[in-house]
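Everything on this sheet refers to the single structure shown next.
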Amino acid sequence: MGSKLAVEVEHASDIDLARQAGSGDELAFEEIVRRYGPRVFRIAGRFFRQRSAVEEISQEVFLRAYTQLGTYEGRGSFEGWISRIATNTCLNEIRKAKRHPEFYAADLTDDEENWLETRLAGSSLSDDYFERGIIAADLADKVLGSIAPEDRVILIMLDGEDLPVKEVCEITGWSQSKVKIRAMRARRKLRKTVERMINSRRKPAKGQLR
Amino acid sequence: MRCRQVRNAIDEQLPDAADAGRRLAIMAHCEVCTECRRVLEAAEMAARLIQARSFQTIEPSPFFKTRVLAAIRERGAVAVRRQTERMWSSARAIVASMFVVVVVLLALNLFAPKPVQQIAGAEPVRRSDSVERIVMDDNTAADDSLTSGQVLDTVFAQGDSYGID
């Protein structure tokens, strides 16, 4: 009986699952968590890099989704609905933490400087190690940390994950023109930060750059 | 293309992602303009960093579902507890206000002036008292509402009580 129910839930549509979960069916909500857990984790991973932080915020996303199930009317996709909750929860969390530090070239570690030098020299040696490794991701975090969280997430989605603008609009709830303009401004800000970082490497005297 | 246009184009889309014509125009400009070449270099570096940041993905642990459901149950229990607490506090308020009302009523009953009781053996109040009061109070306005018969009856009755013939 129990396994039959589980199979039914497994094959249920998103809207049916949302209705059942909204009326207190725990099994239905468990299926929602199973289906959209990876998606929510991926969104949270755009904002946070530590597993504990990603797990905690994802849990918060599902708790919010559970309490807001009544507001889902099935007009858009459930995936888009839960993605918006996830994005907004992450943005709120970042705004609460007020983490928006200035980037200083002097903050680079030796590994990050090596990565930068290698890239500037145009060397493709150990590209795979550097590109996929933690060093580049650490450096990326520092550089991206200097721009607004909204800008950061737009760039990660558009330029990092190659998501189409339409999907980014669905996730953020913004219009296409807003996404495009925001992305362009964010790229400019990020490019200028990277330019300062590169210039500091080229100049003999290293100093704090703003 | 001018420098400003090239930089705007780079910020809008990297040459790799742009269409062939645009890419060629940007690259041709960067060949001769050192500043714009540096801008392009920085933009490409920024794009690489963003991609490097996006490579890392974290998958949910097998216990994640259990954790979420436990949190929902816990939050539900907390909500029920809060609701019960709210219910009890409002019940306490109602009982307290009822007690205050009872005390006030008791106090009023004990300390309020009592109505004058009729003395035993005293003459009962007669039906014609109101007419009598009007006549004896010399209230001219009210006198108009009485008939002359009523006035005479009252005067004679009063005269009897005072021993007037």
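The values are calculated or read from the model by the stated rules, or taken from the named source; none is laboratory data. Source: prediction; values computed, not measured. Here the Cβ positions follow ideal geometry from the backbone for every residue, glycine too, while neighbour counts run over all protein chains shown.
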Among the candidates A:Ala136, A:Ala97, A:Ala86, single out the residue that is farther than 30 Å from A:Ser23 by Cβ, at pLDDT 75 or above and not acidic (Asp, Glu). A:Ala136
Take the conditions in contact with a helix residue (DSSP H, G or I) (Cβ under 6 Å, 6 or more places away or on another chain), without any contact (Cβ under 8 Å) to a residue 60 or more places away in the chain, assigned to a helix (DSSP H, G or I) and within 14 Å of another protein chain (Cβ to nearest Cβ) and apply them to A:Gly70. Does it pass? no
Checking A:Gln59 against (1) in contact (Cβ under 8 Å) with a residue 24 or more places away in the chain; (2) at the interface with chain B (Cβ under 9 Å from one of its Cβ atoms); (3) within 29 Å of A:Leu144 (Cβ to Cβ), only one condition comes out false. Which one? (1)
List pairs: first in region B:62-74 and at the interface with chain A (Cβ under 7 Å from one of its Cβ atoms), second in a loop (DSSP other than H, G, I, E, B), Cβ under 9 Å, 6+ apart or cross-chain? B:Arg67/B:Ser61
If you go through region B:1-58 one residue at a time, how many are surrounded by fewer than 16 Cβ atoms within 10 Å (Cβ to Cβ) and within 26 Å of A:Arg49 (Cα to Cα)? 3
Given the conditions (1) modelled with pLDDT under 90; (2) more than 8 Å from chain A (Cβ to nearest Cβ), which single one is not true for B:Val32? (1)
Log entry, pairs with first residue in region B:48-60 being at the interface with chain A (Cβ under 7 Å from one of its Cβ atoms), second being basic (Lys, Arg) and surrounded by 23 or more Cβ atoms within 10 Å (Cβ to Cβ), beta carbons closer than 8 Å, six or more apart or on different chains, reads B:Ser54/A:Arg46
Which ones in region A:176-200 are at the interface with another protein chain (Cβ under 9 Å from one of its Cβ atoms), under 13 Å from B:Ala43 (Cβ atoms) and of a type in the set (Lys, Arg)? A:Arg187, A:Arg188, A:Arg191, A:Lys192
Restricting the first residue to region B:1-25 and requiring it to be assigned to a helix (DSSP H, G or I), which pairs with a second residue that is at pLDDT below 80 meet a Cβ separation below 6 Å and a spacing of at least six or different chains? B:Arg23/B:Pro15; B:Ala25/B:Met1
